[in-house]
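*Asks:* Take this structure, written in structure tokens, and hold onto it; I'll ask about it next.
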Amino acid sequence: VIAFLIAAVFKRKDVERAGQALLASFILLGLFTLFSVAASRFQWQLPSWLNVNPVGTANALAYVLAAGFIFALTLALTRKTSAGRRTVTALSGVLAIVAGVILFTAIILTGFRFLWVAAAGAMLLVVALNFAKFWRKEGNAPEYGLGSIAVGVGFLVLVLSLFFVYKPLPFAANVFQPPLEVSPSFASTMKIGWQALKDRP
């Protein structure tokens, strides 16, 4: 419903403002996470490690950090075409870069492996679209793909993500000690859902 209303009601400026507000909120959440890391490291009297945060559980916070990082980095990489044409406003581009750097640092410190799988998949898609000549032509000037710096950053994040999937940084395990969360396994969840659909479709 939200996606439909945005497509039907929002104008371009509305989308830009919403995107900027979202990036700003990701920046605040990333700064909160970094502050929590520092508080845990220096033993300031704060609530249990990331158990108290604006999102919910520590795992839920990690998911939101990953979604914010992927959104910010993709927007930062695609803010200009290879011909130099802007696709978003300068403010949105700056917010995307700042959010990407802060969230990247926060994700490294939290050390959740599955987040790097998502980041690697997103960067693979961005790089693949670049080489598929995703951007359109305007007049006689071809606007194929991203700039060389953006492609290089995309490749770098892709390689780092794959590295962190198999070998997280050693200090991350010492900094981040997530609390145990008891929840049904994915197979159990699917079984319960299927049984509910069969009984009361």
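Read the figures in this text as sums done on the coordinates, not as results from a lab. Note that the structure is a prediction, hence the values are computed from the model and not measured. Counting neighbours? That spans all protein chains shown, and the Cβs are built from the backbone with ideal geometry, glycine included.
*Asks:* Between beta-carbons, use under 13 Å as the cut-off and find the net charge around residue 193, counting Lys and Arg +1, Asp and Glu -1. List each step's numbers first, then the result.
*Replies:* Numbers: positive: 191, 198, 200; negative: 199.
Residues close to residue 193 contribute a combined charge of +2.
*Asks:* Go ahead and run the numbers for FRET between residue 16 and residue 165, Cβ-Cβ distance against an R0 of 35 Å, rounding to 0.05.
*Replies:* Details: r = 34 Å, r/R0 = 0.97.
After rounding to 0.05, the efficiency reads 0.55.
*Asks:* In addition: Rounded to whole Å, give me the distance from the Cα center of segment 52-81 to that of segment 1-41.
*Replies:* Here the answer is 9 Å between Cα centres.
*Asks:* Give me, ordered by chain and number, the residues 5 or more places off residue 80 or on other chains with an amide H under 5 Å from its own placed amide H.
*Replies:* 87
*Asks:* Compute the FRET efficiency between residue 91 and residue 192 as 1/(1 + (r/R0)^6), taking r as their Cβ-Cβ distance and R0 = 35 Å, and round to the nearest 0.05.
*Replies:* Numbers: r = 46 Å, r/R0 = 1.31.
Step by step, r from the Cβ atoms, then E = 0.15.
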